[in-house]
């Protein structure tokens with residue numbers, strides 16, 4: 001969609017260290033193969049949400065195929081919600 005503005009809100013439950021990452025490859029695999037096998041992607045770190053332990057929001061202004069949250073330490077979880085600009089609500 002245009003404009004490409006994606007917000008990823010991360011909410012921490014417990015005590016964790018985490019980062020937001022994005023990729024330009026499709027992790028769902030090659031749809032021409034049966035069965036479709038997931039593929040490894042090259043993930044790039046978000047510049048602002050790296051090594052965080054509190055609630056944060058990452059903003060992406062360039063098109064990406066996917067994003068993820070990686071927990072690197074601690075006990076607990078991170079719940080992440082992404083919202084693309086221009087998408088209407090229900």
Open item on the list: Can you say whether residue 51 is in contact (Cβ under 8 Å) with a residue 24 or more places away in the chain, farther than 20 Å from residue 81 by Cβ and touching a strand residue (DSSP E or B) at 6+ places or on another chain (Cβ under 9 Å), as far as the supplied structure shows?
Closed with: yes
- [ ] Considering only the chain, give the strands (runs of 3 or more DSSP E) lying wholly within it that have at least 1 residues that are at negative phi and surrounded by fewer than 12 Cβ atoms within 10 Å (Cβ to Cβ).
- [x] 6-23, 66-84
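Computed from the coordinates by the stated procedures, all read-outs in this text should not be read as laboratory data. The structure presented is a predicted model; accordingly, all values stated were derived computationally and were not measured. When we count neighbours, we look across all protein chains shown, and the Cβ atoms used for this are built from the backbone with ideal geometry, even at glycine.
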